[in-house]
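The next block holds one structure in the form of structure tokens; read it before the comments.
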Amino acid sequence: MTKDKVLIFDTTLRDGEQSPGATMTHAEKLEIAELLDDMGVDIIEAGFPIASEGDFNAVREIAKRAKRATICGLARANYKDIDRCWEAVKHASSPRIHTFIGTSPLHRAIPNLDMDQMAERIHDTVTHARNLCDNVQWSPMDATRTEWDYLCRVVEIAIKAGASTINIPDTVGYTAPAESADLIKRLIATVPGADSVIFATHCHNDLGMATANSLAAVIGGARQIECTVNGLGERAGNTALEEVVMALKIRGDIMPFETGIDTRKIMNISRRVATVSGFAVQFNKAIVGKNAFAHESGIHQDGMLKNAETFEIMRPEDVGLSGTSLPLGKHSGRAALRAKLAELGFDLADNQLNDVFVRFKDLADRKKEVFDDDLMALVYQNDSGEDRIKLKSLRVICGTEGPQQADMVLDIDGTDVKTSATGDGPVDATFNAVKALFPHGARLQLYQVQAVTEGTDAQATVMVRLDEDGRIATGQSADTDTVVASAKAYINALNRLLVRRAHSQPGYDTKGVSYKDS
Ligand code: KIV
Ligand code: ZN
């Protein structure tokens, strides 16, 4: 079956960057544009050149550097905007001017233009843009709340004035799939000259239907989808690039359209956009969320281990991920536990596995996610099942007058030992106290503090990673006192390191002491 091509128009750098707080630096915009170009986006809307000097410079630089994509800039329906836009995009080997005006009754009221005056403005501005650039896109903003007869009239004017792409924006995310398809069909069927242009769809996500509305518009005859990476955009955002592209790829049987996007580049660009925009991707976001390829429930994990197609409609590799993740938690079953232990190098007999499984369930009830280190500790748990090192008490002196000091009591193998240590700050003093009481050569590789709740009494979660000759152990703890959480996380990592030592060196027993030397 031959498939019609659908052009992907990415507006992450224009509509996406308009999200409050998502401002990107010049260098970041160039980087994202390069990634978009490289992944096969057909048109990049690089910015709104009249909006600021920074926007102008970014669009101009992106235009100069683009290798494959058409570079587009946005302009309101006036000559000054259009001229400025042309100055920025003209450097591209394939430039486009995108000019727009709000056509719905609410938007016509703002410049106080009646229907005829607005029609004349559209004619004049599109003609002006077309005199500068061969490739002009025109958008009636708030098209889905514009009277359909009037919309047909102004679309005809824009086509006659030389626009080659007519974009139909659902500016406030108001339409629904059936209506979105009908509107495009109606325009194509009734507007003279409609067959000589490309209709585009531009949907916002206020009712969570942006992707569905965009795909419906394509079914109705649109051949350009406007979208942003991660669905970034004002309010609830825009149609997400990764969603439409993967939907068209996977459901080619009912939507026989193709895009030129290399889907294996999706995950990388998604992560970069999240980082530079400061808009983290929600865990359960389609395609690019942390959980999109993660399966925790026992039934799902069991199915996945037998045949990934049972619970995945696309392969993680198709979007640039290295594989499925089977995080272990309280819903996980024996099959997933066995698979994870095998991955960690343990081949347990059935009765051993049952044993570990009971301890694992008990731990999983108390912890959100069970990490590799937890599992290792479960497998190697000594008879009492207890950690060798425990924090009995900690008192810290800190403030502007140094040196900071930690007075600590630890229980090591059942014996209380105590010390006072100083350091460069309360956490350093605390870690020095642990080292004095339990000397070791492990290096601190990571120390990370995160507030889990709001307010000054927030629980702090601390993560500590230790490295001893390539053996890595991670410890975690939470407390309303950050220094106490830090001490516990450090001791937790140290206990795990002892377990790791025992596992990796046959000369060590489970207490981490070399019996060969004794
Ligand atoms: O949502 C919208 O209407 C827009 C236009 C400028 C195309 O972003
Ligand atoms: Zn928009």
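Summary of computed values
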item	result
Options ALA178, ALA129, ALA210: the member that is in contact (Cβ under 8 Å) with a residue 24 or more places away in the chain and within 16 Å of ligand 2 (Cβ to nearest atom)	ALA210
Residue list for the stretch 192-234, filter: at pLDDT below 95 and open to solvent by 10 Å² or more (accessible area, probe 1.4 Å)	GLU234
Residue in the stretch 142-164 that is under 32 Å from the mean Cα position of the chain (by Cα) and open to solvent by 10 Å² or more (accessible area, probe 1.4 Å) present	yes
All strands (runs of 3 or more DSSP E) inside the stretch 344-450 with 3 or more residues being in contact with an Asp or Glu (Cβ under 6 Å, 6 or more places away or on another chain)	389-397
Test: residue in the stretch 202-214 that is on the phi < 0 side of the Ramachandran plot, in contact with a strand residue (DSSP E or B) (Cβ under 8 Å, 6 or more places away or on another chain) and away from ligand 1 (no atom under 16 Å from the Cβ)	no
Yes/no for ILE168 being free of Cβ contacts under 8 Å to residues at least 60 places away in the same chain and either part of a helix (DSSP H, G or I) or out of contact with any Ser or Thr (no Cβ under 8 Å at 6 or more places or on another chain) (or both)	no
Close pairs (7 angstrom Cβ cut-off, 6 or more residues apart or separate chains): under 14 Å from GLN282 (Cβ atoms) and assigned to a helix (DSSP H, G or I) in the stretch 223-237, open to solvent by 10 Å² or more (accessible area, probe 1.4 Å) and among the aromatic types (Phe, Trp, Tyr) anywhere	ASN230/PHE279
Single residue of GLU242, GLU258, GLU312, GLU317 found to be closer than 23 Å to ALA210 by Cβ, within 20 Å of the chain's Cα centre (by Cα) and not hydroxyl-bearing (Ser, Thr, Tyr)	GLU242
ASP362 closer than 14 Å to ALA487 by Cα and either modelled with pLDDT under 90 or touching a helix residue (DSSP H, G or I) at 6+ places or on another chain (Cβ under 8 Å) (or both)	no
Test for ILE299: is it part of a helix (DSSP H, G or I), among the β-branched types (Val, Ile, Thr) and over 27 Å from LEU7 (Cα atoms)	yes
Given (1) farther than 18 Å from GLU258 by Cβ; (2) within 11 Å of ligand 2 (Cβ to nearest atom), number of the condition VAL229 does not satisfy	(2)
Inter-residue pairs, beta-carbon under 6 Å, first part of a strand (DSSP E or B) and at pLDDT 95 or above and in the stretch 6-21, second within 12 Å of ligand 2 (Cβ to nearest atom) and open to solvent by less than 10 Å² (accessible area, probe 1.4 Å), 6+ apart	PHE9/GLU226
Hits in the stretch 1-55 - residues which are on the phi > 0 side of the Ramachandran plot and either within 14 Å of ligand 1 (Cβ to nearest atom) or among the hydroxyl-bearing types (Ser, Thr, Tyr) (or both)	GLY47
When residues of the stretch 74-111 are limited to those that are free of Cβ contacts under 8 Å to residues at least 40 places away in the same chain and of a type in the set (Gly, Ala, Ser), the one most open to solvent (accessible area, probe 1.4 Å)	SER93
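The values are calculated or read from the model by the stated rules, or taken from the named source; none is laboratory data. Values in this document were obtained by computation on a predicted structure and should not be read as measured data. Neighbour counts are summed over all protein chains in view; Cβ atoms, including those assigned to glycine, are modelled from backbone coordinates with ideal geometry. Quick note on the areas: whole protein, heavy atoms, side chains included, nothing else; ligands and nucleic acids left out. Shrake-Rupley method; radii C 1.70, N 1.55, O 1.52, S 1.80 Å.
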